Amino acid sequence: MESARAVAKVCESNSLQQWEVVGEQDYGHSIDLEAGKISLAAGGGSGGLGLRVVEDGRYGYAHLADASGAQRAVQDALSIARKSPSIAGFELPVDSGSAATSGLIDRRIIDMSSDDILEQADEILSSVTALDSRAVVTGGGIGAGAGAEVIINSNGIEDGGIHTSHGFGIQVGIDEDDHLTSAYEGSSSRSQLSDVEQVIERAVYWAQITRNTIDSGEVSDCPVLMTAQGFSPLFSMVVPTALMGERIAQGESFWSKRMGEKVIADHLTIIDDRIMEGGMSSSSRDGEGVLTKRQTLVDSGRLQSSLWSTRDACRMVAEGKVEHAQTTGSASRGGYQSPPGTGCGNLLLQSSQKSHSRDSLIEEMDEGYIVHSVMGAHTANPTSGDFSVTTSMVLRVEEGEIIGSLKQAGLSGNIGKALAGDLMLGDKIRSNGSYSSGSMYLPDVLLKQGLRINPA
């Protein structure tokens, strides 16, 4: 905060029309795991400052390591702004009060030492071997850290906060009889992790169950049960993008021109909750300093709202793409080195119908496949919703029972159509990262229509 205020003083001394200063600083410990051993231990921190200047609707951006480079950063940002196109009506947000989001700090994480992380890494390695003597952690790692963020602008916003994180991921492999199977699982939290053993058990389970391979079947349109981990990459690549106000306004979303219409099954609701307690993407303010909130984007299957940042809203109005738009507190930053764009926070998929255990979903499916991970989700088309990916973690189900796994299969379909069809949700929500922005909080999903399996 002290450094950000120093840069702010330089901005004021240069009589800039509008300016915004952000700062970040992170510290932590991390361990890399490879070939059943600890391969690297590291610790330290990084951070810096970012400056956005707005002049007559034009903006420029610069970043700097510390406040000593403030004058040069001001000149660089101003020079870029004066060469950029003007966005009519674009101004930085004005302060609208203050709020706090809980569950972002766990003092136990701040108190963790490098020895504590080393001990946790040893426990992970030994736990895998204890579950299956053939199993080896072939890759992954564990880390814990704390970070601070601040934002100050010329319109009265001045705020900051601290957050903690604890996470790990492991790739478990079983190589026996010239047959290698592997599985990846991970978890992350703002609080000290409490599900380490469960995550390890899942990784070993999937490495084990995919060893029982069966003959490939025929290409078929059939029900597919996607676990939360398997569904998250596709969902996060397509759905958040479809909910961006700018993409909807420009006709680049499969939900363009469908505001107020039914777009998915009427028992489904999609919520972006940026104030979720302990959420991995929660914060009291967004990337532009606007107060965040919980907002329902799709309510009982109907598209009700979209996501906007200040800049994107002004630009779409100025270009005549929409009559009215304003920020929804949905500005996101990739870090202090880049200006904010529009993004989601904690995106949740919920159902008004009864949720089901994975076993009951398998029984309901009767005949089909279970997909636990996919490769190539980044190639999914966010404009159409179409995708074609591959998976090596796919199980065949017949008469409600898992009969074996396929070595590999193709999975294709359309996310929009699949969500609009007949589907059921599982009863356990898991947090996953995102290909786009924010965090996905999703259950297992049994999709009965709109997917095709092509066994290799």
Per residue, the convex hull enclosing the Cα atoms of the range 1-134 spans a volume in Å³ of 203 Å³
Nearest 500 deg cm²/dmol is fine: what mean residue ellipticity at 222 nm does the chain get from its DSSP H runs of n ≥ 4 alone, each adding -39,500 (n - 2.57), divided by its residue count? -7000 deg cm²/dmol
Sum up the lysine pairs in the chain that clear both bars: alpha-carbon distance under 20 Å and a spacing of 8 or more or different chains. 8
Pairwise centroid distance, computed over Cα atoms, of the range 47-114 with the range 318-336, Å: 16 Å
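Taking only the Cα atoms of the range 290-391, how large is their convex hull per residue, in Å³? Don't skip to the end; give the middle numbers.
Numbers: hull volume 18.9 nm³, N = 102.
Normalising the Cα hull of the range 290-391 by residue number yields 185 Å³.
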Report the dimensions of the range 195-295 along its three principal axes from the alpha-carbon atoms, largest first, rounded to Å. 51, 37, 24
First check a/c for the range 220-455, with a ≥ b ≥ c the square roots of the eigenvalues of its C-alpha gyration tensor; if it is under 1.5, answer rounded, and if not, answer prolate when a/b is larger than b/c or oblate otherwise. prolate
In nm², what is the average projected area of the convex hull enclosing the Cα atoms of the range 78-132? 10.3 nm²
One checks the Cα atoms of the chain and finds Rg and Dmax, in Å, of 23.8, 74
The chain: relative contact order from alpha carbon pairs under 8 Å, six or more residues apart, as a whole percent, is 16 percent
Express in nm, to one decimal, how much length is gained between Ile402 and Ser114 on full extension, taking 0.36 nm for each residue of separation and deducting their alpha carbon distance. 99.4 nm
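Readers should treat all values here as calculations from the given coordinates under stated rules, not as data from a laboratory. Computed from a prediction, not measured in an experiment: that's the story for all the values here.
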